[in-house]
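The structure appears below as structure tokens.
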Amino acid sequence: MTTTSTPLKRALQAAKKAMGPQQYGAAGRVFECAMCGHDQFKVGAYIVLLGMHTLVCSHCSHVEFFESAPQVVE
Ligand SMILES: [Zn+2]
């Protein structure tokens with residue numbers, strides 16, 4: 001019996017990380033919430049259906065709209 005770190009396990013960890021709040025940037029700057037100044041956001045995926053990209057502040061739930069997808073800051 002072997003216990004290895006499988007590609008599937010790593011993919012699940014990456015997906016879990018991608019689903020949590022992250023920092024985003026646009027125009028070379030880290031984006032901060034206009035309401036509370038927090039810098040951790042989740043993507044509001046349902047608005048993508050309308051052709052818009054949104055970030056939802058994980059602190060105060062303020063929503064920002066973008067015409068093109070903001071970049072994730074690693
Ligand atoms: Zn906020």
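Taken together, the values in this text are just the output of simple stated rules run on the coordinates, not laboratory data. Keep in mind that what you see is a predicted model, and the values were worked out from it rather than measured. Because the Cβ atoms are built from the backbone with ideal geometry, glycine has one as well, and the counts that use them run over all protein chains shown.
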Exercise. Is region 21-73 best put as rounded, prolate or oblate by its Cα gyration tensor, with a ≥ b ≥ c the root eigenvalues, rounded for a/c under 1.5, and otherwise prolate when a/b is larger than b/c, oblate when not?
Worked result: oblate
For this session: Can you tell me which of 53-62, 25-34 comes out highest on packing, and rank the rest after it, using the mean Cβ neighbours within 10 Å?
Result: 53-62, 25-34
For this session: Using θ = phi - 60° and the Karplus relation 6.51 cos²θ - 1.76 cosθ + 1.60, list the HN-Hα couplings for region 61-74 in order, rounded to whole Hz, with x at every Gly or Pro.
Result: 6, 4, 10, 10, 9, 9, 7, 10, 5, x, 7, 6, 8, 7
For this session: Please identify which residues in region 55-74 have an amide N closer than 11 Å to a label point set 7 Å out from the Cα of GLN40, following the Cα→Cβ vector.
Result: 58-60
For this session: Quote the FRET efficiency, to the nearest 0.05, computed for SER5 versus ALA27 with a Förster distance R0 of 30 Å and r equal to the Cβ-Cβ distance.
Result: 0.20
For this session: Count charges around TYR24 for me, please; just the other residues with Cβ under 13 Å from its Cβ, Lys/Arg as +1, Asp/Glu as -1.
Result: -2
